[in-house]
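**Q** Here you go, one structure.
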């Protein structure tokens with residue numbers, strides 16, 4: 001039995017799915033895993049008591065290195081400004097596997113510090129870019145990597161809301177995962193910077209290039225609904241990711257010299273309900289790391305992406 005501690009019982013920690021059958025939070029995903037015993041911590045006593053009563057979790061009264069040494073896995077579901085200290089304590093305590101919500105930090109220097117601390121630790125860290133852990137996107141990755149042997153990507157369009165680092169980073173991480181390449185933007189022209197959700201993270205739009213790929217990012221500021229879409233255009237193919245990633249559709253055109261061919265949806269490749277029970281896939285990956293069945297996390301790549309996005313905002 002693996003001992004798990006969830007630090008933070010807010011939205012992604014424990015609140016999103018407490019009245020549904022969906023598995024969208026750390027606590028529920030860990031609780032439903034028969035190989036884990038779950039403890040929880042939160043400064044909000046009403047939150048922590050409610051979740052303890054709901055799932056039968058033990059309540060931890062404080063967080064320090066000695067307490068963390070008792071746990072195999074730790075989920076960090078607290079505000080971004082607390083991540084550095086909690087990660088450092090978890091590294092010192094030799095916690096085997098950590099799941100950390102994103103962004104890891106909004107401070108470039110802290111990210112450099114965490115690189116060094118991670119390198120000197122025995123811990124594995126999953127940064128919770130959920131889509132890269134889901135079966136539908138692993139299947140899509142296989143399709144794209146095969147397509148890239150005969151076609152090239154020409155354009156990518158991203159539409160998001162609620163903070164460039166907080167939410168556009170999901171799109172950039174997914175693009176890196178699907179293409180198996182590091183995303184580095186050049187010739188950036190940004191505009192419409194609006195601090196509509198976070199005082200440290202604007203929702204912004206930009207135009208840029210990635211190698212010879214045209215990148216267009218539309219930040220939807222001051223909208224009061226969730227929105228996340230990506231279109232990836234190859235020479236004869238369009239990949240459409242909509243409804244926050246819950247729907248994947250692929251359109252293909254025939255190759256015929258001299259005439260532009262229409263795109264037709266390949267219904268055999270459509271994937272629906274892609275986000276179903278998304279946190280289960282994340283915690284399953286964490287258990288694989290803890291057991292040693294898997295050995296690759298995404299911490300360093302997420303740190304590098306985090307740093308690049310801070311630079312894009314600054315520039």
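We did not get these values from a lab; they are worked out from the coordinates using the rules stated. Since the model is a prediction, treat every value here as computed from it, not as a measurement. Glycine also receives a Cβ, built like all others from the backbone with ideal geometry; neighbour counts cover every protein chain displayed.
**Q** Sort 1, 279 by Cβ crowding within 10 Å, fewest neighbours at the top.
**A** Numbers: 1 8, 279 26.
Result, fewest neighbours first: 1, 279.
**Q** If you bin the C-alpha pair distances of the chain every 10 Å from 0, what whole percents do you get?
**A** Result returned by the calculation: 6, 25, 33, 24, 9, 2, 0, 0.
**Q** Further question: If I fit a long axis through the Cα atoms of helix 83-92 and take the longest principal axis of the Cα atoms of the chain, what angle between them do I get, 0 to 90°, rounded to 10?
**A** 60
**Q** Using only the Cα atoms of segment 62-159, what do you get for the radius of gyration and for Dmax, in Å?
**A** 17.4, 55
**Q** Could you tell me how many degrees, from 0 to 90 and to the nearest 10, lie between the Cα long axis of helix 169-179 and the main elongation axis, the longest principal axis, of the Cα atoms of the chain?
**A** Once rounded, one gets 60 degrees.
**Q** Over all Cα pairs of segment 135-274, how is the pair count split among 10 Å bins, expressed in % and running from 0 up to the last occupied bin?
**A** Percent of Cα pairs in each bin: 11, 40, 33, 13, 2, 0.
**Q** Gap in Å between the Cα centre of segment 235-292 and the Cα centre of segment 96-124?
**A** 30
**Q** Hey, what angle do you get for helix 278-291 against the long axis of the chain, alpha-carbon based, 0 to 90 degrees rounded to 10?
**A** That helix lies at roughly 60 degrees to the long axis.
**Q** Based only on Cα atoms, what mean projected area does the convex hull of segment 104-166 have, in nm²? Please list the in-between numbers first.
**A** Values: hull surface 27.5 nm².
Orientation-averaged projected area of the Cα hull: 6.9 nm².
**Q** Cut-off is 10 Å between beta-carbons; in what order do 61, 252, 112 appear when sorted fewest neighbours first? Each step should come with its number before you reach the end.
**A** Working: 61 7, 252 17, 112 13.
Final ranking by Cβ density, sparse to dense: 61, 112, 252.
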